[in-house]
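Q: After the structure tokens below, expect a handful of questions from me.
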Amino acid sequence: MPDSRRDQLRAELMRLRMQAGLGGRPLAEKIDSTQATVSRIERGQTLPSLPIVRAWLKACGADPETTTRVVSLAEAVHTYTRGWA
């Protein structure tokens, strides 16, 4: 379940960027990050912090409903803890 939520978050952020017509570099500038970080987030190699998720949503012009849904998803991913194996 946590991996699917993480994949869902990654896919949602990428969809929003593309829908906004932003390339990785322009988005990175808007969220005060780097193109490499944007790329790592979209490939699922880096989990974005909650402030980055909020900045990403704002930069992409996400509507309030989408913002609430994606922030909730990001919070769920960040609060998941795994038990000891």
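The values are calculated or read from the model by the stated rules, or taken from the named source; none is laboratory data. Model, not experiment: these values are computed from the prediction. Because the Cβ atoms are built from the backbone with ideal geometry, glycine has one as well, and the counts that use them run over all protein chains shown. Just the protein is used for accessible areas: all its heavy atoms, side chains included, with ligands, DNA and RNA removed. Shrake-Rupley method; radii C 1.70, N 1.55, O 1.52, S 1.80 Å.
Q: For the chain, which whole-number percentage of the solvent-accessible area (1.4 Å probe, protein heavy atoms only) is attributable to carbon and sulfur atoms?
A: So the carbon and sulfur contribution to the accessible surface is 51 percent.
Q: Let me ask you something else. Please give the net charge around residue 39, taking every other residue with its beta carbon less than 12 angstrom from that of residue 39, where Lys and Arg add +1 and Asp and Glu add -1. Don't jump to the answer; show the numbers that get you there.
A: Details: positive: 10, 17, 25, 40, 43; negative: 42.
Within the 12 Å Cβ shell, the charges total +4.
Q: Rounded to the nearest 500, what is the chain's calculated 222 nm mean residue ellipticity when only DSSP H runs of at least 4 contribute -39500 (n - 2.57) each, over all residues? Please list the in-between numbers first.
A: Details: 5 runs with 59 residues, N = 85.
Theoretical 222 nm ellipticity from helices: -21500 deg cm²/dmol.
Q: Can you give me the Kirkwood hydrodynamic radius for the stretch 1-82, using every pair of distinct Cα atoms, in Å to one decimal?
A: 12.5
Q: Suppose all protein chains stay in the model; what accessible area per residue would a 1.4 Å probe give for the stretch 1-76, in Å²?
A: So the stretch 1-76 comes to 58 Å² accessible per residue, rounded to a whole number.
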